[in-house]
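The values are calculated or read from the model by the stated rules, or taken from the named source; none is laboratory data. In this text, all values refer to a predicted model and were calculated from it rather than measured experimentally. Every residue, glycine as well, gets a Cβ built from its backbone with ideal geometry; the counts of neighbours run over all protein chains shown. Ligands, DNA and RNA are stripped out before the accessible areas are found, and what is left, the full protein with its side chains, is counted by its heavy atoms. Shrake-Rupley method; radii C 1.70, N 1.55, O 1.52, S 1.80 Å.
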Amino acid sequence: MRPNVVFLSLASDFGCQVQITNFPELLEMLGTFDLSYWQLATSAHMPSEYDIAVIEGACTTQEHVELLEKVRARAQVVIIVGACACTGGIPSLALNGDLEEGLHLVYGEAAEKVAWGHIPPRPIDAVIDVDFKVLGCPVNPDEFSSILQRALLGLVDNVHRETMCSSCKINENSCFYAQGKVCLGLVTAAGCESFCINRGRACTGCRGIAADANMKAAREFAAKYALEQEFLNGLEIYNSHAKGLVHDDSFC
Ligand code: SF4
Ligand code: SF4
């Protein structure tokens, strides 16, 4: 029997799902599984039985927590897609200020109603165990496809532990620091073949902090170019959830 796949979304801008629909090979892959629910594409209700759950977005409400626990109990495989889901991403920027103050600033007196049940934003693996992560903002459709195929074949995730500098060097890019510009590739997880840097844009850290990142050495390197503060500020774009770790010298 073909595996039954559902796609659902928490706090996100649906950018990763749109990106996945830009991927023609997905149509060919559709013959290998049953796509029984896709929140972006259907108003139907989610089925009660499924094998693989693909989830986009950060967990920002108590309702999300309950949904994630339910999904984890039912799905054999959970794949999370995009920076919002994997690191807390853009929704986690809210952690940089006072959350309650921010909500009242935006929604005024309606804050209690609009943001009912809200919790501080967090990545999905802070709530449930996940099997596969597709990093990036937005995700790369090729990477999504290869991870989905691994899931369908019953393989395990192929985690990149090394930082972006490794692929950047293989691609023979010159380093932004030599031009006096900050680049988050020093600590960001590899796996996109340094896509942005190859096109002349510094890494903004959307793939999250690599397991092998040496934060202390990265800060010292940035400080050598008088860019340590810019480096730390840059990390807050996609890695606010890891802020404590970012500023902790023992995270090496
Ligand atoms: S990771 Fe980026 S593109 Fe994907 S949902 Fe979040 S903000 Fe949108
Ligand atoms: S800091 Fe950025 S530009 Fe410099 S080597 Fe690393 S990834 Fe490449």
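Here the stretch 31-117 exposes an accessible surface that is 54 percent carbon and sulfur, computed with a 1.4 Å probe and the other protein chains kept in place. Calculated on the Cα set of the chain, radius of gyration then Dmax: 19.0, 59 Å.
If you take every residue apart from K169 with its C-beta less than 13 Å away from the C-beta of K169, what net charge results, scoring Lys and Arg +1 and Asp and Glu -1? Spell out each step's value before the answer.
Details: positive: none; negative: E162, E172, E193.
The answer is -3.
Its DSSP H runs of at least 4 residues, each contributing -39,500 (n - 2.57), put the calculated 222 nm mean residue ellipticity of the chain at -9500 deg cm²/dmol, to the nearest 500. Rounded to two decimals, the Cα-based Rg/Rh of the stretch 48-100, with Kirkwood Rh, is 1.05. With protein chains left intact and a 1.4 Å probe, residues in the chain average 51 Å² of accessible area per residue.
Restricting to DSSP loop positions (anything but H, G, I, E, B) with no more than 16 other Cβ atoms inside 10 Å of their own Cβ, which GluC sites (Glu not before Pro) remain in the stretch 1-81?
Working: sites: E25, E28, E49, E56, E63, E66, E69; in loops: E49.
For GluC sites (Glu not before Pro) across the stretch 1-81 that sit outside H, G, I, E and B with at most 16 neighbouring Cβ atoms in 10 Å, the list reads E49.
Taken along the Cα-to-beta-carbon direction at a fixed 7 Å, the label points for K216 and M29 span 4.0 nm.
For the stretch 65-176, the equivalent ellipsoid derived from the Cα gyration tensor has semi-axes of 32, 23, 10 Å, listed largest first. Amide hydrogen proximity for A11: with H placed 1.01 Å from N in the peptide plane, the residues at 5 or more positions away or on another chain lying under 5 Å are A58, T60.
Whenever you get a sec, compute what percent of the accessible area on the stretch 131-213 sits on carbon and sulfur atoms (1.4 Å probe). Carbon and sulfur atoms account for 53 percent of the accessible area of the stretch 131-213. Reducing the stretch 34-71 and the stretch 131-190 to their Cα centroids gives an inter-centroid distance of 26 Å. The alpha carbons of the stretch 95-242 give a radius of gyration and a Dmax of 18.0, 54 Å, in that order.
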